Amino acid sequence: MNCIIIGTGKIGVDLYIKCLKSKNFKRIFIFNQDKNSEGAKYCLKKKFNYSSKGIEGVIKNLKDTKIIFDATSAKSNIFILKKLRKLINNKYFINLTPSINGEYVIPYINTNKIPQITNLITCGGQTSIPVINEVKNILGPKLKYVELVSNIAAKSAGKATRDNIDEYITNTERAIRKITKVNKIKVMININPAEPPVNMMNSLFFELTKDISKEDLKKIKNSISKINSRIKIYMPKYNASIFETIEKKILRISIEVIGHGDSLPTYAGNLDIMTSSAVHLSNSIHD
Amino acid sequence: MIKNKLIISDVTLRDGNHAVNHSISREIIKKYCEEAEKANIKIIEVGHGNGLGASSLSIGKSLITDKVALTTARKALKKAKLSIHSIPGFSRITDLQKAIDCGVDIFRIGTNSTEIDTVYSQVKFCNKKKVEVWGVLMMAHLVYNKKKDYLKKIKYLVDLGVKTIIIMDSAGIFLPGDIKEIFTNIKKKFKVNLGFHGHNNFGTAVWNSVIAHKYGAKIIDASIKGFGAGAGNTQLDILATVMARLNMKTNINLNRLYSLAKVFPTYFKKNVIKYKNPYSEPKNIMSANYGLFSGFASKVDYYSDKLNLDDIEAFKAIGKKKLVAGQEDLIINALYNLKKKK
């Protein structure tokens, strides 16, 4: 089948390479609207099937396309979908921006059914929701509050991320509420300028109504290893681990995400989990 | 000697929250605001130590909500302006709207200086709402280098339409010579109001502030008795006195200020967290030397105590990790690894 990638930022370019590697696609087309951008120059240098004709170019090439990946920004996504919505009835649209368009999908959770318009939430969402969901299922009403702090390397945060921090937080929280049904949550993000850059690291805090029991802790440990092994299928260096509890009413789980190192450096696990999830999903779509 | 107009901005009720694990109560806010106004303080900043929306398990839960804190201060203040600190990533646009509704006058939007472009959407929002917005370069030492990266960050803010910029020495690492160089160079290139926010790890906060003012800072942040993160802030009572000695008019009533300084610790008597005068302990000196965020001190204390680790060893471990303000959640990871190695 054929696909179109919109956007030549860090995500778009990495997606192109992962699509090439997946061997699912006969033709991959990548579009943006500024042929002088860094990403466009990279596409030309690497001899990608690239065009700067923007959304009009995309529309002209929709005919034999099965999947459209949107790797632009939250604001552009709204504009793009306005233009495309009526033209893509028998196609799949995978939204990698933090806008709220589309149905939320986490490959770990929704494996068999892919909505026509998919929202991949955010890197923090892709990383943490499988864990939050399992812990919620085990603790039930004993779970009072969940907090997620994602730490990403400054070099992995492009312009779209920096301009869209509010959309990032809002969309991540909305998705956590919708998928896990935990209502009291808080999402925060930190950009770390350290050199050498740090790997993407997430801290999850689960506040309980009473001290955590040994049985629950054991169940959670088991489900963490299940999550690790299943996510490792598409994200080989995803690693969630429990911290020995200091406060008995607070459970802490950290998740480190190291990327494949295709076009992105391995520390940019935050971007890599988005492109890896997108390509992993496309494996279950056929012509 | 000094000709610039000087405005002292009192950050006691915001940065001071770091010193008492964000437990400043509604009563303390009320009493403090009333007394500070009598001393003729012009700007009062209120909130969680890390600003708007930052109350959390990872950084520390506030005793009261932002809304309660801000409405209490608003009610107590008749003349003084009410200001807030906001870090995108902790706070969001809806928090800013709430603060507007509470009657906040000054919106100080800040991030670690290297990532200043993340203030974009919040500054745009404030401009749209026509509220007074300032830019804050936190951890400013991260962009103080031979390439003068701070000038690029200032330009970014100026281009966004920000008219007042605070240079924040979050780590307490700057010396008077650094301050002179930074302010001179910014003044040469930009027509913008400048301010300085000091921390006292090296015992230089007051003098850094005097130098900042001499070389162009119109606004100086300070807190009563230096009450603030880590080794504390520029001590307001000393600063106001020294400025008076230098013939710099601040209009602050010194007698009122001294009474406030004397009575301030008693505000905390009923509080769970014991009031402690900020003091530069060896760990604070080391923290500054590593260029770490002053606010880490209380977290490092808490976890090194729980894990039975030496606090100096603990600071060394997080110093190596190069954590920046906001990464309180990773302190425990670093200390766990340290514990494992033992």
What number of residues within region A:156-183 satisfy the criterion of being under 12 Å from A:Thr97 (Cβ atoms) and among the charged types (D, E, K, R)? 2
Filter result for B:Leu309 (surrounded by fewer than 21 Cβ atoms within 10 Å (Cβ to Cβ), within 14 Å of chain A (Cβ to nearest Cβ), modelled with pLDDT of 90 or more and not in a helix (DSSP H, G or I)): yes
Within region B:136-149, work out how many residues are on the phi < 0 side of the Ramachandran plot, over 13 Å from the mean Cα position of the chain (by Cα) and surrounded by 14 or more Cβ atoms within 10 Å (Cβ to Cβ). 5
Specify the residue that is farthest from the chain's Cα centre (by Cα); the eligible residues are those in region A:182-199 that are more than 7 Å from chain B (Cβ to nearest Cβ) and in a strand (DSSP E or B). A:Ile185
Going by the structure shown, is B:Ile285 away from chain A (no Cβ under 12 Å) and either more than 22 Å from B:Val11 (Cβ to Cβ) or out of contact with any helix residue (DSSP H, G or I) (no Cβ under 8 Å at 6 or more places or on another chain) (or both)? yes
When only residues in region A:138-152 that are touching a residue at least 24 places away in the same chain (Cβ under 8 Å) and out of contact with any helix residue (DSSP H, G or I) (no Cβ under 8 Å at 6 or more places or on another chain) count, which is nearest to the other protein chains (Cβ to nearest Cβ)? A:Glu147
Can you pull out the strands (runs of 3 or more DSSP E) entirely within region B:1-104 that have at least 1 residues that are in contact (Cβ under 8 Å) with a residue 12 or more places away in the chain and polar (S, T, N, Q)? B:7-10, B:81-86
Within region A:163-179, count every residue that is buried (at least 24 other Cβ atoms within 10 Å of the Cβ) and under 15 Å from A:Val131 (Cα atoms). 3
Considering every residue within region A:217-238, establish whether at least one is in contact (Cβ under 8 Å) with a residue 40 or more places away in the chain, assigned to a strand (DSSP E or B) and within 14 Å of chain B (Cβ to nearest Cβ). no
Which residue is nearest to A:Leu264 (Cα to Cα), if the candidates are limited to region A:154-167 and must be assigned to a helix (DSSP H, G or I) and touching a strand residue (DSSP E or B) at 6+ places or on another chain (Cβ under 6 Å)? A:Ala154
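Would you call A:Asn202 buried (at least 16 other Cβ atoms within 10 Å of the Cβ), closer than 25 Å to B:Ile331 by Cα and away from chain B (no Cβ under 11 Å)?
no
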Please go through region B:34-78 and pick out each residue that is among the basic types (Lys, Arg) and surrounded by 18 or more Cβ atoms within 10 Å (Cβ to Cβ). B:Lys42
So, in region B:158-210, how many residues would count as being of a type in the set (S, T, N, Q), touching a Ser or Thr at 6+ places or on another chain (Cβ under 7 Å) and within 17 Å of B:Gly228 (Cα to Cα)? 4
Those residues of region A:73-129 which are aromatic (Phe, Trp, Tyr) and in contact with a Lys or Arg (Cβ under 9 Å, 6 or more places away or on another chain), in sequence order: A:Tyr92, A:Phe93, A:Tyr104, A:Tyr108
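The values are calculated or read from the model by the stated rules, or taken from the named source; none is laboratory data. Treat the numbers as computed from the prediction; the structure is a model and nothing was measured. Glycine gets a Cβ as well: all are built from the backbone with ideal geometry, and neighbour counts include every protein chain shown.
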